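This report concerns only the one structure given below.
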Amino acid sequence: MSKKSFEENKNEKQQLGSVIAKNRKRKNLSLRQFAKLIDLPPSNLSYIEKGVNVPTADIYQKIISVLTPSKKDIYYMDHLFSTIRKCPPPDICYILMENNELVEKIRKLSNIKLTLEQLNSIDNLFSSFNNQL
């Protein structure tokens, strides 16, 4: 592995690890306790919290599930995870896999930067789906 690829997104890895550690401590979980809950060796979790490694999608999903971070932290963690892994957060991938037809609809947004008004419209539309259940 080249040094450049090892150093890529170093800051984001450290930030993600820091937010994970902060949320683990908020839950009063030791590193070992938390590692057991997410089915990961404590040494691997330590490397994630130090920003050396990045969780896989499966482990990231478990981290979110166990720690139940605030919406603000989830948004920030998702942004960091997506930046580092260059893919959407795992729950979004699952939604797309379950609603494959949605993929083509999203592709229509290629090369488009949505305005705040457009994003609010999409938010209202998606929220209306929950109200229909």
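Here are some notes:
- Any pair with Cβ under 9 angstrom, 6 or more apart, that starts in region 108-133 at a residue that is open to solvent by 80 Å² or more (accessible area, probe 1.4 Å) and ends at one that is of a type in the set (A, V, I, L, M): GLN118/ILE112
- Residues of region 16-28 that turn out to be surrounded by fewer than 17 Cβ atoms within 10 Å (Cβ to Cβ) and on the phi < 0 side of the Ramachandran plot, as a count: 5
- Sole exception among (1) of a type in the set (A, V, I, L, M); (2) free of Cβ contacts under 8 Å to residues at least 12 places away in the same chain; (3) closer than 30 Å to LEU119 by Cβ for ALA35, by number: (3)
- Positions within region 7-30 being over 16 Å from the mean Cα position of the chain (by Cα) and closer than 17 Å to SER70 by Cβ, in sequence order: LYS25, ARG26, LYS27, ASN28, LEU29
- Within region 69-84, considering residues that are surrounded by 17 or more Cβ atoms within 10 Å (Cβ to Cβ) and either in contact with a strand residue (DSSP E or B) (Cβ under 9 Å, 6 or more places away or on another chain) or without any contact (Cβ under 8 Å) to a residue 60 or more places away in the chain (or both), the one nearest to ASP58 (Cα to Cα): ASP78
The values are calculated or read from the model by the stated rules, or taken from the named source; none is laboratory data. None of the values given here were measured: they were computed from a predicted structure. FYI the Cβ positions are ideal-geometry reconstructions off the backbone, even for glycines, and counts take in every protein chain you see. Surface areas here come from the heavy atoms of the whole protein model, side chains and all, with no ligands, DNA or RNA. Shrake-Rupley method; radii C 1.70, N 1.55, O 1.52, S 1.80 Å.
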